[in-house]
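The values are calculated or read from the model by the stated rules, or taken from the named source; none is laboratory data. All values derive from a computational prediction rather than experimental measurement. Glycine also receives a Cβ, built like all others from the backbone with ideal geometry; neighbour counts cover every protein chain displayed.
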Amino acid sequence: MVQNIPPPDNANYALEKLRELLRDGKVAADGKLPTERNLSEMLGVGRRAIRRALEVLEAEGEVWRRQGSGTFVGQRPGNWSGNVDAIVAGTDFMEIMEVRLRIEPQLAQLAAMRAKPAELVRMRELARKIRESEDADARELWDGALHRQIAQSARNQLFLTIFDVMNHVRQDEAWQTIRERARSGTAITMAYAQHEDIIEAIAARDPARAGETMRQHLLMLQERLIRETSLDHEPADIGQQAS
């Protein structure tokens, strides 16, 4: 009679399984890992082993932890990140789009050269979640996650840090409202198709096409944003002309 032998309850085993988890990209959209308790249950090892394994991954720069918030994939943001709110407060969507247009096409190019197969699977899954989202908040969440996955796949920590500063502005309600209006009608269908084109260019290891497709995607968004913000002022102008 064959008995089921439980997995070894030690930190080395936990570290191996956590590496697999990170390698396969099986984490939340915001990069947050499950709690130590949940990881313990998922992997069948004790919480002490999980804690020790996470300490190793943190020392390697694979994850970082924030007291009271949890554990996240990647390296800890720089100390200056606490000033992000002030940076965002002093800018507007046009400045953000100008920076995005100069950085994200480069990130897409680098991702085309460096993205791992598991990351491509993750990109396609995120694109699917965007299409299937039924409300603006969900679309914004998954859209941000897709663009960050592309940025992360570029494997340039400085670029990723700059991207995270830009991405922080997505949390502003006014920005989300304008973006959702800009993605209404046929624009949202076009955005879905562009996401697919960007991912396919990255999968094809075609940096030039990946960069140009990302640029066209952002240019369309920029144009729609300008149009929507301009419309905010048209009713008053029309009323003045009629009076």
Subset of the range 5-31, residues at pLDDT 85 or above and under 26 Å from the mean Cα position of the chain (by Cα), comes to Leu15, Glu16, Lys17, Leu18, Arg19, Glu20, Leu21, Leu22
Matching entry among Ala182, Ala201 (being small (Gly, Ala, Ser) and modelled with pLDDT of 90 or more)
Ala201
Subset of the range 162-179, residues at pLDDT below 85, in contact with a helix residue (DSSP H, G or I) (Cβ under 8 Å, 6 or more places away or on another chain) and closer than 26 Å to Gln75 by Cα, comes to Asp164, Val165, Met166, Asn167, His168, Val169, Arg170, Asp172
